[in-house]
Structures are given as C-alpha cells and as structure tokens.
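J.: Sharing a structure, written as structure tokens. Questions coming.
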Amino acid sequence: MADLHTVNPSVDIRPWGWFTLLGEPDHDPIAAVKTLHVEPGGVLSLQTHQLRRERWIPLTLGLGAVIGDQEIELLVDHAYEVPIGVPHRLFDIRGTGGTVVEIMYGTYDEDDIIRLSDMYER
C-alpha cells in the first residue's frame, strides 16, 4: 500500500484499506466528504461519533455494514444513513473489497471516533 500513498499523498492508509478526504473540512463546517476503499478482508472498527452523522453511498458491490442493530449488504447507488451516536462499521463480504462515498454532516474530526470493537486493536 505504500505505493498508493506515494502516488497520492492525500490518501490516508488504514489497516482495512484507505480513504481520501475531498476538500478542506475546516472551510465548510457543515459537511465533509470522504471516499473510503475497503480492501478484500477489510473490516472497519465498530464505532460511534458524537459530533457528526454520516451518509454512505456505495460505488461498488462487495461491502456489508452494521448500522445500529442491523447488518446489511450495501447496494450500489442507495444511500444509508448513520445517525449521531449509532454504532456502525463497514466490512468486505465478497472478498473483493469495495468503495463508498461518505458524507459527514456536523463537525469532522478523526478524534471523534469512539471505537467499540476493532480487529486491528487500535
């Protein structure tokens, strides 16, 4: 994955894949946008946020999600809402990985991640 970061230094590499933040969230306090790519076998932490809600729009098949007490397979071009304080995670379900656009409404701050469970022990 180091090659990806060399090609595009705005890529933030994580154990489950990578994301790119589009724009500068400091300039728009209402919303921020990420593109998230989950690698084959990748699982994001089960987490909540106190400062933002999220909307996920899948661009590819291959991802599942936990939103609250529901586990679902994400469909392309559908929008999925994650309210403030609701536990959520994305994960690979087909061994192919996948990509989601994430729109965050509220305050964007990576320190607002409250991890409830994380297979990478972060």
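J.: For region 106-121, check the following and say yes or no: at least one residue is in contact (Cβ under 8 Å) with a residue 24 or more places away in the chain, surrounded by 18 or more Cβ atoms within 10 Å (Cβ to Cβ) and in contact with a His (Cβ under 9 Å, 6 or more places away or on another chain).
T.: no
J.: For region 13-33, what are the residues that are touching a Phe, Trp or Tyr at 6+ places or on another chain (Cβ under 6 Å) and either of a type in the set (Ser, Thr, Tyr) or modelled with pLDDT of 95 or more (or both)?
T.: Selection gives Pro15 alone.
J.: Quick one: which strands (runs of 3 or more DSSP E) sit completely within region 64-122 and have at least 1 residues that are of a type in the set (Ser, Thr, Tyr) and farther than 22 Å from Leu22 by Cβ?
T.: 114-117
J.: Also: For region 77-113: of the residues being aliphatic (A, V, I, L, M) and touching a Leu at 6+ places or on another chain (Cβ under 6 Å), which is nearest to Ala32 (Cα to Cα)?
T.: By that ranking, first place goes to Val100.
J.: Continuing with this model, one more query. Which pairs have Cβ atoms under 7 Å, sit 6 or more apart or on different chains, and link a residue in region 42-54 that is without any contact (Cβ under 8 Å) to a residue 60 or more places away in the chain and farther than 10 Å from Leu90 by Cβ to one that is among the basic types (Lys, Arg) and crowded, with 21+ Cβ neighbours inside 10 Å?
T.: Final answer for the pair search is none.
J.: Here are Ala65, Ala79: which of them is surrounded by 19 or more Cβ atoms within 10 Å (Cβ to Cβ), in contact with a strand residue (DSSP E or B) (Cβ under 9 Å, 6 or more places away or on another chain), over 17 Å from Asp12 (Cβ atoms) and free of Cβ contacts under 8 Å to residues at least 40 places away in the same chain?
T.: Going through Ala65, Ala79 in turn, the sole match is Ala65.
J.: I'm checking my understanding of the structure. Among residues of region 48-63 that are out of contact with any Leu (no Cβ under 6 Å at 6 or more places or on another chain) and assigned to a strand (DSSP E or B), which one is farthest from Glu110 (Cα to Cα)? Walk me through it before giving the result.
T.: Within region 48-63, the first condition is being out of contact with any Leu (no Cβ under 6 Å at 6 or more places or on another chain), and the residues that meet it are 48-57, 59-62.
The next check asks that each one be assigned to a strand (DSSP E or B); those that pass are 48, 52-57.
Values: Thr48: 11, Arg52: 11, Arg53: 13, Glu54: 13, Arg55: 16, Trp56: 17, Ile57: 20 Å.
Here the residue is Ile57.
J.: Please go through region 36-53 and give me each residue that is β-branched (Val, Ile, Thr) and under 14 Å from Glu102 (Cβ atoms), ordered by number. Please lay out each step first, then the result.
T.: First pass over region 36-53, keeping only residues β-branched (Val, Ile, Thr): 38, 43, 48.
Result: Val38, single match.
The rows are residues; the columns are (1) closer than 19 Å to Asp118 by Cβ; (2) in contact with a His (Cβ under 9 Å, 6 or more places away or on another chain).
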| position | (1), (2) |
| --- | --- |
| Thr35 | no, no |
| Pro40 | yes, no |
| Leu46 | yes, yes |
| Ile57 | no, yes |
| Leu63 | yes, no |
| Gly68 | yes, yes |
| Asp77 | no, no |
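J.: So how many residues does region 84-117 have that are at pLDDT 95 or above, over 14 Å from the mean Cα position of the chain (by Cα) and not hydrophobic (A, V, I, L, M, F, W, C)?
T.: Residues meeting the conditions: 5.
The values are calculated or read from the model by the stated rules, or taken from the named source; none is laboratory data. None of the values given here were measured: they were computed from a predicted structure. Counting neighbours? That spans all protein chains shown, and the Cβs are built from the backbone with ideal geometry, glycine included.
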